[in-house]
1. Springs between alpha-carbon pairs under 10 angstrom, Gaussian network model over chain A: which of A:Glu48, A:Glu212, A:Glu11 fluctuates most?
2. Nearest 10 degrees, 0 to 90: what angle lies between the long axis of helix B:212-225 and the longest principal axis of chain B (Cα atoms)?
3. If one takes the longest principal axis of the Cα atoms in chain A, at what angle in degrees, from 0 to 90 and to the nearest 10, does the Cα axis of helix A:68-85 lie?
4. Evaluated at 20 °C with a viscosity of 1.002 mPa s, what Stokes-Einstein diffusion coefficient in µm²/s does the range B:35-175 have when Rh comes from the Kirkwood expression over alpha-carbon pairs?
5. Per-residue ellipticity at 222 nm for chain B, helices alone: DSSP H runs ≥ 4 residues times -39500 (n - 2.57), over residue total, nearest 500 deg cm²/dmol?
6. Do the sum for chain A: with -39,500 (n - 2.57) for every DSSP H run of n ≥ 4, divided by all residues, what is the mean residue ellipticity at 222 nm, to the nearest 500 deg cm²/dmol?
7. So what's the gap between the Cα centers of the range B:149-180 and the range B:318-335, to the nearest angstrom?
8. Would you mind listing how long the range A:1-112 runs along its three principal axes, going by Cα atoms, in whole Å with the largest first?
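Just so it is clear, none of the values below were taken in a lab; they were calculated from the coordinates. Computed from a prediction, not measured in an experiment: that's the story for all the values here. Positions of Cβ are generated from backbone atoms using ideal geometry, with glycine treated the same way; all protein chains shown enter the neighbour counts.
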Amino acid sequence: MKLLALDTSTEACSVALQYDGQKLTLDEVCPQQHSKRILPMVQQLLAESGLGLNQLDGIVFGRGPGSFTGVRIGVGVTQGLAFGADLPVFGVSTLQAMAQAAVRLHQAKQVIAAIDARMAEVYLALYQQSADGLMQPVCEELARKPAELPPLTLAGEICAVGTGLVTYRDVFLQWASDTQLKISDQVLLPSAQDMLTLAVPAWQQQLFVAAELAEPVYVRDEVTWQKLPGR
Amino acid sequence: MRVLGIETSCDETGIAIFDTEKGLMSHIVYSQIPIHADYGGVVPELASRDHIRKTLPLVKQALAEAGCGASSIDGVAYTAGPGLAGALLVGAAIGRSLAFAWGKPALAVHHMEGHLLAPMLEANAPQFPFLALLVSGGHTQLVRVDGIGRYQLLGESIDDAAGEAFDKTAKLMGLDYPGGPLLAKLATLGDAKKYPFPRPMTDRPGLDFSFSGLKTAAANVIAAEGKTPQVQADIAASFQQAVVDTLVLKCRRALKETGLKRLVVAGGVSANQSLRLQLADLMQSMKGEVFYPGKEFCTDNGAMIAYAGWQRLRAGQAQDLSIGVTPRWPMQQLPPV
C-alpha cells in the first residue's frame, strides 16, 4: 500500500509518504506560504521515494478544522492530484492527527486536542486510545470559547496537545484540574505522518472515496454575516 | 494545443476547454448569485466554500461535454488574480495540482487579460493595436493594447468601478442583488433627462474615472422624491445615462489621443445596451470599429481564461510549482508574448 498524505490546515505545512514499509515526512511551519510550498514538498518526497504519483494507491488529506483558507488549499491540492492521477482520497481530522501524535511521542492513552481558532475560540475534541492503538474521538469536534467548554468527561492521566493549549494554558489547567493533565510541548501542530497512521485501517475498510468528494470540515459553520432585512 | 481553463475569482465558477484546431470545445458557468442574494453582495467566505464544492465536478463535466479524455489536455490555465484571495486559491490549488498530476504545464492567468481577449473568441476578432475599455463590477480601465502582454494603462477609476456604481445604486433603490442588470432594465421605462446627475471628471483633461459620487446623488434624489415606480425608473435612466455619457466621452478622448481606430469593450458592463448604442454612434462618427465579447462571455467565465492561458502556454510561458495568487495585480506587469 502506497499512500501520500498532506495537510495545510494550520501554520504547519506537512507531507508524508508511506510505501514498502517506509515512511517519509516533511514538516514545515510556514504561515501564509502553504500554497507556495505544498507542491514542491510533494515533489521532493516523490523524488526521494522514486515513485510517480500514479503509482500510489491513494491520497490522505487534513480535512480540518483549522484556517478556512488553509483547509481549502489542502483539499484543492488533494482534489487536483487525486483526479489527475485517478486516485481515491480519505480525509483525516487535524485534531485526531494530533491525538495520534501524542501516542507516537508520549504513549498517551487519553488526549485533549485543541487548536487556537482565533476569535477567542478553540477547536477542540477528546480522544481515547482503542484496542488497535488508534485514537478515537469520544465527543463531537467543537468550536467554543475555552471558558464555555462543557464539563470534562475524561479522568486520570490525560495528554493535552495543540496550539489551543499554549494560548489558553491556564483555562485548560483549571478545566482539567480534577485530572492529571500533562501539556505536551512537542505536539503543537498536526503532522501528515499521523494522518497516514489513521488512514491505513480506512484503506483496509475501503473507506477512500472519489476525488471530488474531498471536502473541508470547518466545524465553525454558523453564518455570522449580516443578511438583508427580511431574509 | 488543448487548454483547460478554470475561473474562480469571485462568485462564478467557470470551466472551459479551448483547442487550437477546434476552438472552444466546452464551457460551463455556474453562478453563485442565489447564495449571495440574501446578503446584498458577495460574501467572500461563502464564495470560497462553494467554489471548492463545484470546481472539480464542473471540470469532469467540461471534459465529458468536450468529449475528450483528460490525457488530451496539454495545459491548465487558472485565474490567479485580481479577485478574492480565498476564492482565487481554490481554482489555483485545483488547477495547479491537476497540471502537476498530468505532467503538463500550468499558467496563472490575469482575470482582466481574460476579459480583454474575450472578443478574440468571436468570428470577427479585433486586430492589434486597439483601445480597450474594461468595465466590470471590479474595474473601469482604458488600456492601449499593442499585443498580448503589451498593455499601457491610460486611465482608470479612482474609486468605485462602473459596475459597482450600478450595483450600489440599485441596492439604494431596493433592487435585488446583483442590481446592475435590473437597474438597466428599469432604465428603459424612465426619463434619462429627468435628473441631472453629474458626469464626474469630464470637465477636466485626463482619462481617469470617478463613480462614487453618483450613488450619493442618487441617494439624495431617493430621499427627496421617494420610491414610486416612476421615480425609480427615472432615477435608473438618469443614472445610467450619466455613467454611459462619462464612459463614451472618455473613450472618444482616448481614441483621439492615441489615434487608434479600433475599440474593444469587455467586462460585465459591456453587455449594457445603452452603452453599446452610444458607442456604436461614437465609432461611426470616428470611422472606427467597436468589438465586444459574445453575450455569454461578457461576465466572468472559464472560456476567456482558457483562451488567455492558451495564448501564453503556446508561447512557452508556464508557472512554477507554487500556487501563487495575486489579489491585486496591475495588468501592465504581465510579460509580453
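1. Residue with maximal mean-square fluctuation among A:Glu48, A:Glu212, A:Glu11: A:Glu48.
2. Rounded to the nearest ten degrees, it is 50.
3. Computed tilt is about 20 degrees.
4. Numbers: Rh = 17.6 Å.
For the chosen part, D equals 122 µm²/s.
5. -13500 deg cm²/dmol
6. -9500 deg cm²/dmol
7. 24 Å
8. Principal extents (largest minus smallest coordinate, Cα): 37, 32, 22 Å.
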